[in-house]
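Enquirer: Here it is, the structure, as structure tokens.
Quick note: the coordinates plus some simple rules give every number you see, no bench work behind them. In this text, all values refer to a predicted model and were calculated from it rather than measured experimentally.
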């Protein structure tokens, strides 16, 4: 599964062209500091628009669609570890029931309530 295929799959399921290359980030599980998970790099200005994140687990043969509507997360610079006007997020794959940013310097922000769909492949 890749980003283009996942975007197509979600849009087909929703019967709409909601996701595209510009408003969607793709992340696959990677190792980090003795853990595994997904990296998201979100420009702080991006929180003013609707954001879509597709996080994929090749091992589980599934991906999740996280949808954050415009201006839902106020003051993102206080919620995430930031560098160069970009929120740096690492979501651990250890517990897929809890999608929480685990980076030091953040507020342990949970993405659980923003999961919009889950897809197997």
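Enquirer: Just round it to a whole percent: the fraction of Cα-Cα distances in segment 3-120 exceeding 23 Å.
Expert: Details: 1755 of 6903 pairs.
Result for the distance tail: 25 percent.
Enquirer: Further, regarding this structure: Tell me the mean residue ellipticity at 222 nm calculated for the chain from its helices only (DSSP H runs of n ≥ 4, each -39500 (n - 2.57), averaged over every residue, nearest 500). Write down the numbers at each step before the final one.
Expert: On the way: 2 runs with 16 residues, N = 121.
Result for the chain, helices only: -3500 deg cm²/dmol.
Enquirer: Sticking with this structure for a sec: Full extension from residue 58 to residue 81: what is 0.36 nm times the residue separation minus their Cα-Cα distance, to one decimal in nm?
Expert: Working: separation 23, 0.36 × 23 = 8.28 nm, distance 2.68 nm.
So the chain would gain 5.6 nm between residue 58 and residue 81.
Enquirer: Have a look at 44, 18, 54 and tell me which one the Gaussian network model of the chain (Cα, springs below 10 Å) gives the largest fluctuation.
Expert: It is 18.
Enquirer: For segment 47-112, what is the convex hull (Cα atoms) projected area averaged across all directions, in square nanometres? Don't skip to the end; give the middle numbers.
Expert: Details: hull surface 18.8 nm².
Computed as one quarter of the Cα hull surface, the answer is 4.7 nm².
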